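Asks: Sharing a structure with you now.
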Amino acid sequence: MTAAPQKQKKRRFLKVMLCILIMITTPALIAVKLGIFLSRAPPTDLVLVNFTSCDPKTEAMLSWNSATDTQTELWIGTSSNNLTAYTTINNSDATGIATIHRVHVRNLTAGQKYYYKTSLNGPIGSFSTAPAIAGSSFHALLVSDTQHFYFNGYYERIAQMVGKDPNPAFFMIAGDLVDEGTLLEGWSHFLEKSRPWISKTPLVPVAGNHEEIQEPDSYYWDYMGPEEVDSFGNRTYYAFNWSNALFVCMEIANGEHEDMSSLLQADQLLWLQTTLANGMSQEFRVVMFHRPVFSPMSHGIFYQSTLTTLVPTLEAYNVSLVIYGHDHVYGRYRYNNITYLCHGCGGGLNNQLIYIPSQEEIDQNVPGLVIQRLSLVPAVTKLDFSNTTLTITTTSIDNLQFDSTTLEVSTPGHLTREVS
Ligand SMILES: [Fe+2]
């Protein structure tokens, strides 16, 4: 007799609580979205070094922020005690008056450590150019999808891990560095959280869909966009050699970039083929982009568009390792003698579920695909290059190494084989 009224009472109570929750959180979310509570300017004491428009043997791109529109200066040198002014300014405003400053430094020496400082009283930072001689051992670090949803996520701990590594050649991020490319507060947050590594490690980025590069006012263009424009307008893809490896960083950020047979992408496919062909004398070819090929997300084992229009080229030129993100999971795959690494666990909020297909489903759709490791934990991957081997190890933010494999190549230009 009393059960029904009690249930009604409970339901009414839950409804009231839900209404209160919505009333409290909705204005807060709107306020956060508008930057009312978390409005912040980019740090003015940090400099971001990247190689997006240059040959890292002799060049580097440096970008930094000032609090107001002003001219700033960059000093650079091979000794921290002897920095000299570098005067070339290539901001969009030729006078150099800006709040985001970017300088293309040229005529550097290969295999040399450089120190730099701006006139804004930040600390002296450093980076090293690519080695002059191919074959030098080196290592790089890798994540993807560092984007924070309303400033929430694990990227701070990822950045601390990266900062503890004393000498990575560079730090790769396979897109979605920030949640909204057109929102300066997100870039401020990313730069601030990057403080543990940013003054001593160059960044090697590709654009993701969250960088919003289709928008001219995306800050991706200001911090790491290309200097040159092509017939399609600005494009963000680039490539460089580092020791015995070719790194190809592609623009497959949004869904329309996945179809390499489209007019938009035809020029990039041609560029990819030419770049890979020129890199066949390298021991390793590493290709990084944002959108996945194979993924443990629930929408299928693979993405049809990248599988059919991109993978044949990757296979034709014996690519060693393919890196991407977008899906916030970790997955390592082997398919037709190429290793594919989905690394969406770079500090954004991770997915909560992994879809594991049956062997029958794999055989029917992508015969020969081997799923080697899946995980949901935030992690950093280390790529160790030696003369003939590439060792991939992945460590969680709780310092648990949960994935490792070594690829070996017998002859430059050949496919790798897994040796462990
Ligand atoms: Fe994405």
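Asks: Post the alpha-carbon centroid distance, segment 50-91 to segment 354-385, in whole angstrom.
Replies: Taking the Cα centre of segment 354-385 as reference, the centre of segment 50-91 is 41 Å away.
Asks: Treat each spin label as a single point 7 Å out from the Cα along the C-beta direction, and report the residue 164 to residue 87 distance in nm.
Replies: That separation, rounded to one decimal, is 4.6 nm.
Asks: Enumerate the helices in the chain for which the Kyte-Doolittle hydropathy averages 0.5 or more and the C-alpha atoms extend at least 27 Å along the helix's axis, using complete DSSP H runs. Let's see the in-between values first.
Replies: Numbers: long enough: 3-33 (44 Å, 0.57).
In the chain, the long hydrophobic H runs are 3-33.
Asks: On alpha carbon coordinates alone, what is the Rg over Rh value for the chain, Rh being the Kirkwood radius? Mind showing how you got there, number by number?
Replies: Working: Rg = 22.9 Å, Rh = 22.6 Å.
Rounded to two decimals, Rg over Rh is 1.01.
Asks: Ok, one more. Restricting to bridges with both residues inside the chain, how much of the DSSP beta-bridge set is antiparallel, in percent to the nearest 5? Intermediate values should be presented prior to the final figure.
Replies: Values: 62 of 81 bridges.
In the chain, approximately 75 percent of DSSP beta bridges are antiparallel ones.
Asks: Pop the C-beta distance of residue 406 and residue 110 into the FRET formula with R0 = 41 Å and round what comes out to the nearest 0.05. Let's see the in-between values first.
Replies: Values: r = 28 Å, r/R0 = 0.67.
Once rounded, the FRET efficiency stands at 0.90.
Asks: What whole-number distance in Å separates the alpha-carbon centres of segment 280-339 and segment 140-189?
Replies: 21 Å
Asks: Rounded to the nearest 500, what is the 222 nm mean residue ellipticity of the chain from helices alone, with -39500 (n - 2.57) per DSSP H run of 4+ residues and division by all residues? Could you put the intermediate results ahead of the total?
Replies: Working: 9 runs with 96 residues, N = 420.
About -7000 deg cm²/dmol.
Asks: Where does the longest stretch of the chain lie that holds no GluC sites (Glu not before Pro) found in a DSSP loop with 13 or fewer other Cβ atoms within 10 Å?
Replies: Details: sites that count: 227, 228.
With a cap of 13 other Cβ atoms within 10 Å, the longest stretch comes to 1-226.
Rule-based calculations on the coordinates, nothing more; no lab input. This structure is a prediction, so every number in the text was calculated from the model and none was measured. Neighbour counts run over all protein chains shown; Cβ positions are idealised from the backbone, glycine included.
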